[in-house]
Amino acid sequence: QSDRGARAHQMVPNDVGGTPSLFRIKGILSVIYNSEDDEVEEENQPFVSGDGVDERRYVCQAVHDLWEIYPVSRPDLFWKPPEHRQCKLVLIGRNLNYSELKQGFEECLS
């Protein structure tokens, strides 16, 4: 399994104007497997194209340290062309450093 979730969890800084607290995350993710780093599990292969694009939306939910990222199961919620695929996350917390979070998310894209 990819370590993207672990990398995202490490992005919460701990040195900004008091102890940061991440209370909640909700969002939708567009997943593309990197052929060099990510192995597509057998149960996911029917949903992933030759260029590594997963046609399913992924739901991301977190409360404090409890994380859950899973693909939607209903085909009517899959990404459909020409729909613009994008990731959207809402983070609710206190003392979070926007620039460090942004940099961390951008590193997940590379």
- Spin-label point model (7 Å from Cα, Cβ direction): what's the residue 78 to residue 109 distance in nm? 2.6 nm
- Label residue 42 and residue 99 with points 7 Å out from Cα along Cα→Cβ: what is the distance between them in nm? 4.9 nm
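Considering all alpha-carbon pairs of region 16-96, what whole percent are spaced by more than 19 angstrom? Please list the in-between numbers first.
On the way: 1547 of 3240 pairs.
In whole percent, the long-distance tail amounts to 48.
Values in this text are rule-based calculations from the coordinates and carry no lab data. Since we're looking at a predicted model, the values are computed, not measured. Note that each Cβ is placed from the backbone with ideal geometry, even for glycine, and that neighbours are counted across all protein chains shown.
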